[in-house]
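> I'd like to ask you about the structure that follows.
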Amino acid sequence: MPTTTATAASRRKKTSRRDDEAPLIPILARKVREIEAKAQRSKLGPTNRVKFQVIAFLVREERARVKADAELTDAARAELLKRLDGVATILAKTAARDTSLIQLLEADQATSPVAKRMRRDWLLESGAELPPEELIITDIAPVQTPVVPAALAEKQVTPPSMEARQLANPFLAPDLTPRPAAVPRRRLDGWELMGPLYKSFETGAGGGAATMQLPPTPEYDHVSPKGREVMAHQARFLEAVRGGHRSFLLADEPGLGKTAQSALAASIANAYPLLAVVPNVVKMNWVREVERWTPQRRATVIQGDGADIDAFADVFIVNYEILDRHLSWLSSIGLKGMVVDEAHFIKNLSSQRSQNVLALAGRIRERERDPLMLALTGTPLINDVEDFDAIWRFLGWTNGEKPGPELMEKLDATGLTPADKLFYAEAREAVISMGIVRRKKKDVAADLPDKLVADLPVQLDDEFGRGIRQAERELGERMAAKYRRIVEARTAAHGASGPGDIDEDIVRLVAHNELEESKAAGTGGDNVFTMVRRIGQAKAQLAADYAAQLQRSVAKVVFFAKHIDVMDQAEAHFAASGIKAVSIRGDQSTPARQQAIDAFNTDPEVGIAVCSLTAAGVGVNLQTASNVVLAELSWTAAEQTQAIDRVHRIGQDEPVTAWRIIAAHTIDTKIAELIDQKQGLAARALDGESVEETAGESVQLAALMHLLREALGAA
């Protein structure tokens, strides 16, 4: 026993001595392990990418310092360089999982203020003495970027009627509201805060629902037009607008009337002209809702180049796909409000769609002192809490690198820092108070009937089904062969691992590479995407037959599929069965789509609506049905939820059942399980429920990892 204690003490002394020679190395080792853990869960968002970059150039700086230190012995120098190589190896492995990180390894210095602050804080933690110019880091003055980038300049159009509007009123009313003075330096200015803000939602269990404090329901309804009445939860939101709040992430569950609340909010705030950026499929529905709830206001839909728009309208409605050609005139007409419907569409910051929306929102905030900014989405989180990033930027709460002045003031008022455990609950509340409103159907619509998702396993016993199972086995075996080659190479270099052990890092790496190759291949060859499509084709007839039988019992059924050929097979089966059906697809014109929706809702002869998961999964009201058949599974939990909620919404008076058709003994079963697990992210982050945290990888990646584990287990 004394020998063991002495040995432990000796180890501590040795470690302490090594750290005295290079105190930065253990800090880098700890940080790189944090990055590695995040990468393994596919959660490397903007903050962790900056951290990755800072580690990379600090490793280079430290290596150069160690090599140049004449006081070190050769043995000590070799030991320190070996430890730095260990950090560099983890960086390289992480970059192999996410190839977009490779370019960050090449950075020579910290360029952004956030990166500079990280470098400074880590060096100070290591005990380094820094010159005064490195201690105080100021933010770079924002560069005025044009709303219309040069690449889109030639695409810009100006509708003829818009010229008439501008000639009728060539001068915008001046905004004489005093501008706030320069923001004083705050206590938290030197802290990196975006990572902690995301973490505060990621660990949101026990924090309660993510809804700001709303005023009580008013005694009288002062906002609804004659013959209509808002519900209590809608009235409370509108009272917040009446009280002066102007930026909201309205994240009510689908079916709770977000469009109506937006139209009335614009009326209360007098936020006209108002721009609504919406999916193409809901443009006509937006016109109807504006006319229904604010009949004194005019709405116009922008189609194509806008030749037919009413330039003197109060509400301009445009779909994401054509916004790029209308940026110029929209940015110059004095918009006083902007609504982004299905705001999760902008979560990819690198997409032109997101950049267009954010640029226009930035211009509105520049010109208008307190514009009405609404982000509407019942599913703001798809895979990760950093899906909030683009929405928060749109609302002006953050700029991606740090919180905006108002949010910073709220965080500063807590008196806490990210080093304090209590900071995270307070930070979550601070963000929520900026304007997050999240209500669940079961809480605000007590009379809304229940919703049930029922799985119907089907056997694919024909030659087609056997071919699918064989393709799955071959894919698993192909990945298993890659796995074994990597293990053999590692064993040759470092010695054998434990018998029967499966290295999860290598499993994830092989599955990630397979997924990237599948995306590049598209519909060519056997990969996870073609396999799932073949499963959908194999289930099409069975799903259509079940929907037909169901329709004979319940009168109205909504049939969802992901691929056009599955929809075609289903429609042919319904026609042969004598069932009248309508189709809602992405390639339809807006009037044709609305005609199909109206026919399903009003014509008793129409029994089935055959819908595209992507084209009809949002903004469509099909509540005359109470049964949904999901012939194919989506890759996201959000898409499935959106589809079911076309039926389960305010006005529904019957229990809703969604029948998921699942191919037994195939990857379809695992995908259904993974989709159900993904529901936990929103429950934890938005609803404050204590839901077990699951891996953060995409459903596609998790499904491939499952196939690989099965192949290794079978071997």
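> Using only the C-alpha atoms of region 572-630, find the volume of their convex hull and express it per residue in Å³.
Per residue, the Cα convex hull of region 572-630 comes to 91 Å³.
> Related question: Pairs of alpha-carbon atoms within less than 8 angstrom and 6+ residues apart define the contacts here; what relative contact order does region 381-443 have, in percent?
19 percent
> Through the Karplus equation 6.51 cos²θ - 1.76 cosθ + 1.60, θ set to phi - 60°, convert the phi angles of region 560-566 into ³J(HN,Hα) values in whole Hz; use x for Gly and Pro.
9, 9, 9, 10, 4, 5, 5
> Any idea what log10 I(q)/I(0) is at q = 0.14, 0.17, 0.23, 0.25 Å⁻¹ for region 295-373, Debye with uniform C-alpha scatterers and no solvent?
So the normalised log intensities are -0.47, -0.70, -1.26, -1.42.
> Let me ask something else. Eight or more residues apart or on different chains, and alpha-carbon atoms under 24 Å: count the Lys pairs in region 529-697 matching that.
Lysine pairs meeting both conditions in region 529-697 amount to 10.
> Can you tell me the Rg and Dmax of region 367-483, counting just the alpha carbons, in angstroms?
23.8, 67
> Can I ask one more? Calculated FRET efficiency, Glu61 and Ala481, Cβ-Cβ r, R0 45 Å, to nearest 0.05?
Result of the calculation: an efficiency of 0.65.
> For the residue pair Glu409 and Arg473, what label-to-label distance in nm results when each label sits 7 Å from Cα along the Cα-to-beta-carbon direction?
The answer from the label model is 6.7 nm.
> On to the next question. Let me see the P(r) profile for region 529-697: every Cα-Cα distance counted, bins of 5 Å, each bin given as a percent of all pairs.
1, 9, 18, 20, 21, 14, 9, 5, 2, 0
> Can you give me the distance in nm between label points at Asp501 and Ala592, each placed 7 Å from the Cα along the Cα-to-Cβ direction?
Roughly 6.0 nm, to one decimal.
> Near the amide H of Ile662, under 5 Å away, which other amide H atoms are found, from residues 5 or more places off or on another chain, if H is placed in the peptide plane?
Leu456, Val458
> If you don't mind, there's one more thing I want to ask. Among all the lysines, which ones have a C-alpha under 26 Å from Lys155's C-alpha, if same-chain residues fewer than 8 places away are not counted?
Hits, sequence-local ones excluded: Lys283, Lys336, Lys347.
> Taking a cut-off of 22 Å, what percent of all Cα-Cα pairs in region 186-335 are separated by more than that?
52 percent
> Label-point separation (nm) for Leu452 and Lys82, each offset 7 Å from Cα along Cα-to-Cβ?
About 6.5 nm, to one decimal.
> Okay, moving on. Taking the Cβ-Cβ separation of Arg228 and Leu135 as r and a Förster radius of 56 Å, what is the calculated FRET efficiency to the nearest 0.05?
My answer for the efficiency is 0.40.
> Could you compute the FRET efficiency for Thr99 and Arg533, with r as their C-beta to C-beta distance and R0 at 35 Å, rounded to 0.05? Write down the numbers at each step before the final one.
Details: r = 26 Å, r/R0 = 0.74.
It comes to 0.85.
> Mean separation of Cα pairs under 8 Å and 6+ residues apart, divided by the residue count of region 355-459: what relative contact order is that in percent?
Details: 47 pairs, mean separation 15.4, N = 105.
The value is 15 percent.
> Report, in cubic angstrom per residue, the convex hull volume of the C-alpha atoms of region 522-580.
So the per-residue hull volume is 76 Å³.
> Here's something else I'd like to know. Would you mind calculating the gained length between Asn601 and Asp462 on full extension (0.36 nm times residue separation, minus the Cα-Cα distance), in nm to one decimal?
Between Asn601 and Asp462, full extension yields 46.3 nm more.
Every number here is computed from the coordinates shown, using simple stated rules; none is lab data. Fair warning: this is a prediction, and the values are worked out from it, not measured in the lab. We place every Cβ from the backbone using ideal geometry, glycine too, and count neighbours over all the protein chains shown.
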